[in-house]
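Where a number appears in this text, it was derived from the coordinates with a stated rule and is not lab data. Since the model is a prediction, treat every value here as computed from it, not as a measurement. With ideal geometry, Cβ positions are generated from the backbone for all residues, glycine too; neighbour counts draw on all protein chains shown.
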Amino acid sequence: MDRKTCVIGRTREIFGDRLESVARVVEHDWDAYRTGSEPGHIGGVLRRSFGEAIQAEAEAAPKEVSQAEAEYELGVENKDWPHRREEMERILKSGYGALDRLVRSDAPDLSRDELVGLECCLALYGRPAILVSDGRLAPLSEFWKSLEAEREYIELAQRAVGRIELLGHPEYDWGGTGFLVGETTLMTTRYVAEIFSERRDGHWEFRPGVSAWLDTRSRKLHPSSAGCRVEGIIAVEENLNLALLRVERPTQTDTAPIPLKIAARAPSHIPGHAVYMVGYPVRDSRQNEPCLLSRIFRDVYDVKRVYPGTLRGEFQFGDVPLFKHDCGMVGNISGGCILDIETHEVLGLHVAGRSMDTGTALALWKLRDCPVCKNAGVNFAETDAKEIEWTKTAVEKIAQTSHWTKFHALVEDIYRKEFCESKVC
């Protein structure tokens, strides 16, 4: 399938009968760029948080980043704005033209610029790469306002997802994405683990001179100050493309990562079920992206992102349980997690994918009885969406009564005993 057919087909699949509505929004955003402003939801996809990174870097190493350097970095961003505005004005104009043609024709003859514009619109409006900055999601487009109701839960879940930073590796300074599935258990893919570990005498061990850390921040700053050290390799399941790593316990703070729970059962329906993926995308070197598209999305890569999308169906590869999803139109996220938007439980481990195509994930609910997962202390959820909804409703009712103070104190006491006092923090 050629690129044009692929992009047009994916656009019709994702937008469906909303093509006219999308075209109107794109036209509105195109007008915004022409008048010198940038819609917040587009900035939340394309723009890195320079101010946050500079501030965090200055706090981590005050002597290394001067005020002059900080002002210079911010000046570079401001200097780049006119060029960015011109490019976005041009690409949204082309995208609007392509969408208008798709509305009026089943087989539109798109120009090269219109195809690039359509691809850009698909990645900005259909399947955006939403920036996570200082633990918060960037502004959302009106097509994803449904996520606002889940914003708090998504922001809580993303804390457990981090980048595996490497020290002493001759080629790489980081290996990929991983996420906590237990107090001291990190899950990622075999491909990621193989970057810094190897099998010796029947056991998996770190490569000589290499160490690894889990960094849950949005972008890389100082590896030595990352969240928690990877202490060893618990298991590498080569057939499943799954690795479990042992990490030191994260320091307990108000923003500390809370281990994610793996869904113990499949969603009630799979095709079309709403999900989201969290991870650190890298540029897909296999994809021959147009130069303009590469420049526009240059800041999407190497920072933490949330990709909303849907499940596309289950399948088996030998005895490996897998499913397809359409989260992420730009970049590849090795080791990212796919979470259910209703329960915020992990449904899958992203193992393969490429730009403008569906991704493949390991169906983790099928591993509930896996001995390796049980022995490693992987959290599997025992509740379902109905139970969670009932609990949320019950808590909301209690919050409106005189019992709230007592209830709040009880929950706080249980949390402290479970995550702090009974643990070695």
Quick one: if you stick a label point 7 Å off each Cα along the C-beta vector at Ala399 and Arg200, how many nm between them? 5.3
Nearest-20 debye value, the stretch 144-382 charge dipole, Cβ charges on Lys, Arg, Asp, Glu: 320
What distance in nm lies between label points placed 7 Å from Cα along the C-beta direction at Glu248 and Val320? 3.3
Separation between Cα centres of the stretch 324-375 and the stretch 108-131, rounded to whole Å: 24
Any idea what log10 I(q)/I(0) is at q = 0.09, 0.15, 0.16 Å⁻¹ for the stretch 144-382, Debye with uniform C-alpha scatterers and no solvent? -0.34, -1.02, -1.17
Within 10 Å of each residue's Cβ, count the other Cβ atoms and sort Lys374, Lys261 from fewest upward. Lys374, Lys261
Under the 7 Å Cα-to-Cβ spin-label approximation, Arg112 and His269 lie apart by a distance in nanometres of 4.3
Using R₀ = 45 Å, calculate the FRET efficiency as 1/(1 + (r/R₀)^6) where r is the Cβ-Cβ separation of Glu142 and Leu167; round to 0.05. 0.55
Considering every Cα-Cα pair within the stretch 154-248, what fraction, in whole percent, is farther apart than 23 Å? 17
The stretch 144-382: Lys pairs at Cα distance under 18 angstrom, eight or more positions apart or on different chains: 5
Going by C-beta contacts inside 10 Å, put Arg217, Arg354 in order with the fewest on the left. Arg354, Arg217
